[in-house]
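Following: one structure in structure tokens, then a few remarks.
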Amino acid sequence: MFENQVAIVTGASRGIGAEIAKELSAQGAMVIVNYQGSRERAEQVVDEIKEAHGNAVAMQCDVSDFSATEQWIKDVHKEYGRIDILVNNAGITRDGLLMAMKEADFDAVLSTNLKGCFNTVRFVSRIMMKQRFGRIINMSSVSGVAGNAGQANYSASKAGVIGFTKASAKELASRGITVNAIAPGFIDTEMTEVLSDEVKQQAVTQIPVGRFGETADIAKAVAFLASKEASYITGQVLHVDGGMCM
Ligand code: NAP
């Protein structure tokens, strides 16, 4: 489906991002597997893609850094000639109750989760506009839709991603570029592994489907929004959460 297309997946060294990279490459895209610090794990994702006869390369960039992101996107464009799909998946948590939250923990989460989306879209959109084609998918969360106690920073960043998605969708629609967000519920990754069994059991009671989601549930949704068939869908937030937030 994505033959001759170049896709960037930020934060693809593990978890949801790694699965998205594998799915897009399995469907024919050349995938840039971005990471911040986990080089070996990103290389491992690339190896797995190549073993499955896909095409991928690992590239380091801290997406919260504006000028580093500018240089990285320039490098990708110079090397591969186009950028068709951008998946803003990189994200972090620094949970804590609001009254005790450190300023640095608020800033770090906003910088990666929200400003990271701005930084990549800021430079990729120019390339996509010239191509008159592009697919941008930003990772939000149910926490951004409904809010979550203990995650004021994370919820604010993910709600910000939704506003950013809608504004970008309006700016870029006339050039054949769609911008959508996905709001995952609880997905089985290292991010949720740290939760206690009690918290996990409590969470499952809030999920009508009765289980945590798998990374593939998100990757398949991303692949659909990235497809040419999804050209009339823009500015939307697709909830992939087992019915948790409706
Ligand atoms: P994860 O397992 O913790 O992986 C996070 C990824 O982001 C890693 O590859 C990490 O790479 C990368 N990353 C972090 N900071 C970065 C930066 N500044 N620049 C570039 N890459 C960076 O997380 P996940 O569970 O797969 O979640 C992926 C996305 O889905 C996140 O945006 C998250 O908020 C969202 N989400 C997750 C869930 C869930 O239940 N898991 C639910 C809703 C939304 P390095 O190790 O190299 O830093």
Selection from segment 84-111 of residues of a type outside the set (Asp, Glu), open to solvent by 20 Å² or more (accessible area, probe 1.4 Å) and more than 14 Å from the ligand (Cβ to nearest atom) yields Gly96, Leu97, Leu98, Met99, Ala100, Met101, Lys102, Ala104, Phe106
Based on this model, can you work out whether Val87 counts as among the β-branched types (Val, Ile, Thr) and touching a strand residue (DSSP E or B) at 6+ places or on another chain (Cβ under 6 Å)?
yes
Checking Arg126 against (1) away from the ligand (no atom under 16 Å from the Cβ); (2) part of a helix (DSSP H, G or I); (3) touching a strand residue (DSSP E or B) at 6+ places or on another chain (Cβ under 9 Å), which test does it fail?
(3)
Any idea which residue in segment 215-239 is nearest to the ligand (Cβ to nearest atom), counting only those that are outside any helix (DSSP H, G or I) and buried (at least 18 other Cβ atoms within 10 Å of the Cβ)?
His239
Unmet criterion (only one of (1) open to solvent by 10 Å² or more (accessible area, probe 1.4 Å); (2) within 21 Å of Gln236 (Cβ to Cβ); (3) polar (S, T, N, Q); (4) not in a helix (DSSP H, G or I)) for Asn148
(2)
Per the filter on segment 172-195, residues touching a strand residue (DSSP E or B) at 6+ places or on another chain (Cβ under 9 Å) and either among the small types (Gly, Ala, Ser) or without any contact (Cβ under 8 Å) to a residue 12 or more places away in the chain (or both) are Ala173, Gly176, Ala181, Ala183, Gly185
Applying the selection to segment 189-228, what residues are at pLDDT below 95 and of a type outside the set (S, T, N, Q)?
Glu190, Met191, Glu193, Val194, Leu195, Asp197, Glu198, Val199, Lys200, Ala203, Lys228
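Condition first: in contact with a Gly (Cβ under 6 Å, 6 or more places away or on another chain) and either more than 9 Å from the ligand (Cβ to nearest atom) or open to solvent by less than 10 Å² (accessible area, probe 1.4 Å) (or both). Now tell me which residues in segment 2-13 satisfy that.
Correct list: Phe2, Glu3, Val9.
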Matching residues, segment 40-56, being within 16 Å of the ligand (Cβ to nearest atom) and open to solvent by less than 40 Å² (accessible area, probe 1.4 Å):
Ala42, Val45, Val46, Ile49, Ala56
Out of (1) open to solvent by 20 Å² or more (accessible area, probe 1.4 Å); (2) part of a helix (DSSP H, G or I); (3) over 18 Å from Asn138 (Cβ atoms); (4) within 10 Å of the ligand (Cβ to nearest atom), what's the single condition that is false for Ile16?
(3)
Has segment 74-83 got at least one residue that is surrounded by fewer than 15 Cβ atoms within 10 Å (Cβ to Cβ), more than 10 Å from the ligand (Cβ to nearest atom) and on the phi > 0 side of the Ramachandran plot?
yes
Scan segment 22-38 for residues that are farther than 23 Å from Asp62 by Cβ and assigned to a loop (DSSP other than H, G, I, E, B) and jot them down.
Gln27, Gly28, Ala29
Would you pick out the residues in segment 192-214 that are among the hydrophobic types (A, V, I, L, M, F, W, C), within 11 Å of the ligand (Cβ to nearest atom) and in a helix (DSSP H, G or I)?
Ala203
Ile32 being within 12 Å of the ligand (Cβ to nearest atom) and buried (at least 20 other Cβ atoms within 10 Å of the Cβ):
yes
Among the residues of segment 156-191, which ones are small (Gly, Ala, Ser), within 14 Å of the ligand (Cβ to nearest atom) and more than 15 Å from the chain's Cα centre (by Cα)?
Ala156
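The values are calculated or read from the model by the stated rules, or taken from the named source; none is laboratory data. For clarity, every value in this text was computed on a predicted model and none was experimentally measured. FYI the Cβ positions are ideal-geometry reconstructions off the backbone, even for glycines, and counts take in every protein chain you see. SASA here: full protein model, heavy atoms, side chains in, ligands and nucleic acids out. Shrake-Rupley method; radii C 1.70, N 1.55, O 1.52, S 1.80 Å.
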